[in-house]
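In what follows, a structure is listed as structure tokens, so that the remarks can point back to it.
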Amino acid sequence: DDDDGDDDLLVSSPTFTRGSNKSIKIGTEIATTTSSLTCSESNENPSPLRPPTVKENDWKTLDERARKRAAQKYRKGKLTADRKRDREAQRAANSEAKQRDKEDKTKRLLLEQQSKGKFAKLEISLVVCGGDVIGCRRLIEDEVQAVYAMHCCTESSSCGDFLQDKGWGLLKWKRRDHTLGGAPSIEIENEDVKWMDVSTLLFHDAGSFLDLIYENDGASGEYPTLTSFVDKIRSKIGMHMRLVFVLHCVMKEIAFRWNNPNKKLRITEDELHHAITYLLVNLNVECSITSDDTETQRYILGLTRALSELPYYDEPTELHCIKKLRSDKDDTVDANCGIQKAQACWIRQLQQIPQLSLQIALNIAKYYPTPKSLWDMYQSNELDIYQKR
């Protein structure tokens, strides 16, 4: 403080404090601290101390460190993103692999079940493609469609005009593996769809069949009208096709014609069986006689089921034929008697004929105990051709 107001030197030097009891004298010492100072004797803010000088190399060092930290942070972030992307890709690949394994397992299971015929009912469809489609459909549709797929074709171009007759209908079957789509519709035609080599003519009006066998040549025992009809059918469905005639209520129609005096085309049961034999022997056409609607429906269902299971049957060999025979342990057969042994063998041979039961074989052996006795009867001149048949 200048106590006297003149221009002489200060009695005492001013001091600055920084919140502590230590003092720093100005003019005698150079302050090297960077702390903020406050003047205890004046209300004015003191001037800050000069910051330390930073060299150019130091700035370069700082920039380099900052760049390194930034690059390190970038690499770390990029590595984290790459790892996250790799994990997501790995999870997606694992999910796809699991899905493929699941689909392959399901496919293998389906193929295994299909090889055992588990889906046989779902692989075949019945097609009514000729003749009186409406009449056949009315007879078998309700029963067949409850189990199998059924389709009807009413286009005349697919079967020919002559196949649009009334009284009968043409039945065919087509199949496709279950793994390829199952039972095909009537429009689908490709390499996966296969037509079965069996065709059936369902005579829901038995009178149409009796009219075919009425005009025959009695002297030769041939049926020109029936033969011409079968040839026309085979020309359309194929000569290699196995043909089956289903005669619905034909016995009732024969009885109706005999009891009705207005009916001129009368045929006996013997003439019917003779015509059936002619079809089987000369034209290779099988016939099946049914007595009512239920029997006809069951026959068509059984035939459809057999065709659906046909691809899964083992091919028959001699062993299959042998194992169907029961061992002959009849005590009534004398091992020392040649005729009894021959007759027992003859009965077992007759049982190999389809639909020939044991009782029928016994009845045949009762009149013809050996094959030679039957052959001798056929060679006899005492019987005409009708009696031999």
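The values are calculated or read from the model by the stated rules, or taken from the named source; none is laboratory data. Remember, predicted model here, so these are calculated numbers, not experimental data. We place every Cβ from the backbone using ideal geometry, glycine too, and count neighbours over all the protein chains shown. For the accessible areas, the whole protein counts, side chains as well, though only heavy atoms, and no ligand, DNA or RNA atoms are used. Shrake-Rupley method; radii C 1.70, N 1.55, O 1.52, S 1.80 Å.
Does A97 satisfy the criteria of being touching a helix residue (DSSP H, G or I) at 6+ places or on another chain (Cβ under 7 Å) and among the aliphatic types (A, V, I, L, M)?
When the stated conditions are applied, A97 does not pass them.
Are any residues in the stretch 225-249 open to solvent by 20 Å² or more (accessible area, probe 1.4 Å) and either touching a residue at least 40 places away in the same chain (Cβ under 8 Å) or in contact with a strand residue (DSSP E or B) (Cβ under 6 Å, 6 or more places away or on another chain) (or both), and if so, which ones?
Passing the criteria: T227, K232, K236, H240, R242, C249.
Within the stretch 250-263, which residues are touching a residue at least 12 places away in the same chain (Cβ under 8 Å), surrounded by fewer than 16 Cβ atoms within 10 Å (Cβ to Cβ) and of a type in the set (K, R)?
Passing the criteria: only K252.
Limited to the stretch 74-117, what total is found for residues that are in contact (Cβ under 8 Å) with a residue 24 or more places away in the chain and either not in a loop (DSSP other than H, G, I, E, B) or not small (G, A, S) (or both)?
6
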